[in-house]
1. Take the residues in region 1-27 that are at pLDDT 95 or above and part of a strand (DSSP E or B); name whichever of them is nearest to the ligand (Cβ to nearest atom).
2. I'm told VAL83 meets every condition in (1) within 16 Å of the ligand (Cβ to nearest atom); (2) part of a strand (DSSP E or B) except one. Can you identify the failing condition by its number?
3. It is to be established whether one or more residues within region 241-262 are surrounded by 14 or more Cβ atoms within 10 Å (Cβ to Cβ), in contact with a Pro (Cβ under 8 Å, 6 or more places away or on another chain) and within 25 Å of ARG161 (Cβ to Cβ).
4. Within region 319-327, does at least one residue satisfy the condition of being over 18 Å from ARG202 (Cβ atoms), crowded, with 18+ Cβ neighbours inside 10 Å, hydroxyl-bearing (Ser, Thr, Tyr) and at pLDDT 95 or above?
5. Within the group THR91, THR163, THR119, which residue is within 19 Å of ALA67 (Cβ to Cβ) and within 16 Å of the ligand (Cβ to nearest atom)?
6. From the residues in region 94-116 that are in contact with a strand residue (DSSP E or B) (Cβ under 7 Å, 6 or more places away or on another chain) and either among the polar types (S, T, N, Q) or assigned to a loop (DSSP other than H, G, I, E, B) (or both), which one is farthest from the ligand (Cβ to nearest atom)?
7. Restricting the search to region 28-67, which residues are in a loop (DSSP other than H, G, I, E, B) and within 16 Å of the ligand (Cβ to nearest atom)?
8. Out of curiosity, is ALA75 within 25 Å of ARG158 (Cβ to Cβ), assigned to a helix (DSSP H, G or I), more than 14 Å from the ligand (Cβ to nearest atom) and modelled with pLDDT of 95 or more?
Amino acid sequence: MGVALFTLGGTISMAGHAHGGEAGPVVTRLNGADLTAAVPGLAEVPLDIHDVDAVPSANLTFAQVLALVESASQAVRAGACGVLVTQGTDTLEETAFLVDLVWPYAEPFVLTGAMRNPTLAGPDGPANVLAAARTAAAPAARGLGALVVLNDEIHAARWVRKTHSTSTATFASPNTGPIGHVIEGDTRILTTPVRHRALDPRTEALDDIRVALHTVTLDDDAVTLTAVAEASQGLIIAGFGVGHVPAAFVDLLDAVAERMPVVLTSRIGSGSVLRHTYGAIGSETDLQRRGLINGGLLDPYKARILLRLLLAGGADRETITAAFAEHG
Ligand code: ASP
């Protein structure tokens, strides 16, 4: 059997529609059959196509992604050698990490998209679908969890970020680099990411779990954070640099961390928050003393996904702290 392809919309599947004869903004129009038609070389990879939901990736939910994982699991249990998902790139780093946390199979789960829609010169969708399909079918990619393949680069979901709003080279793994490349059609894995035991998601509890993400900014007086924390069951702080906040925040965070898990991450986009270097009020050592959980190398978006899954699964504070020590 071949690769199970699931399509979710996004730029890769968008085309123009006419406005008074002028080319207008693009909307989702192409299905899996359109996306895979006339891509040179793709016929070598047998595909089993499932058109799921043609939405911009901004509309995706945890529940939809987990339902997709369930469909992909069924495909793998029925003999698919790998899974390929096409979707919008805007939330791809988040959906890929969510999949990675729960995917228990050795079969590769590959996600791809495109930055240049099919109405533009040099659309990248066909090349990305081909490279991603080859990777999904490649024995070399087995056991690596969820992978993001664009621009002939293979990224581990754990490390990948969208780093540019329009460039076709937008996906990068700032902490590690790509784990491999597609070279002359071959999937070449150069280094293997550490894998963790898959989490068992509880989709039915997700609606009750709101995890807020607050990015700290210059002269932030914590009024917004107070309101946000009221409405949440968990909180991610994207702090300055290595995990610092204004001194004006600490009393509030002290109180919030009593009520719910609060995870400290960095707003920088690469690198880790520290654990034992700075001692000022609002520094990483101070915040940990007040009960904040260290997010390590997890960026704020990924930390939010992990925390929401854990809370939906009913994890207690000890389990959550241990999970961030393991994944961060
Ligand atoms: N806004 C689009 C989306 O994420 C962008 C893309 O596909 O690249 O659905």
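1. By that ranking, first place goes to THR7.
2. (1)
3. no
4. No, there is no match, as no residue in region 319-327 is over 18 Å from ARG202 (Cβ atoms), crowded, with 18+ Cβ neighbours inside 10 Å, hydroxyl-bearing (Ser, Thr, Tyr) and at pLDDT 95 or above.
5. Selected residue: THR91, the only one of THR91, THR163, THR119 that is within 19 Å of ALA67 (Cβ to Cβ) and within 16 Å of the ligand (Cβ to nearest atom).
6. Residues of region 94-116 in contact with a strand residue (DSSP E or B) (Cβ under 7 Å, 6 or more places away or on another chain): 95-96, 99-100, 103, 107-113.
Going one step further and asking which of them are either among the polar types (S, T, N, Q) or assigned to a loop (DSSP other than H, G, I, E, B) (or both), we end up with 95, 103, 107-108, 112-113.
On the way: THR95: 10, TRP103: 21, GLU107: 25, PRO108: 21, THR112: 10, GLY113: 5 Å.
If we take residues in region 94-116 being in contact with a strand residue (DSSP E or B) (Cβ under 7 Å, 6 or more places away or on another chain) and either among the polar types (S, T, N, Q) or assigned to a loop (DSSP other than H, G, I, E, B) (or both), then GLU107 is farthest from the ligand (Cβ to nearest atom).
7. ARG29, LEU30, ASN31, VAL52, ASP53, ALA54, VAL55, PRO56, LEU60, THR61
8. Judged against the criteria, ALA75 is a match.
The values are calculated or read from the model by the stated rules, or taken from the named source; none is laboratory data. A quick note: this is a predicted structure, and the numbers were derived from the prediction, not measured. Heads up, the Cβs are rebuilt from the backbone with ideal geometry, glycines too, and the neighbour counts pull from every protein chain shown.
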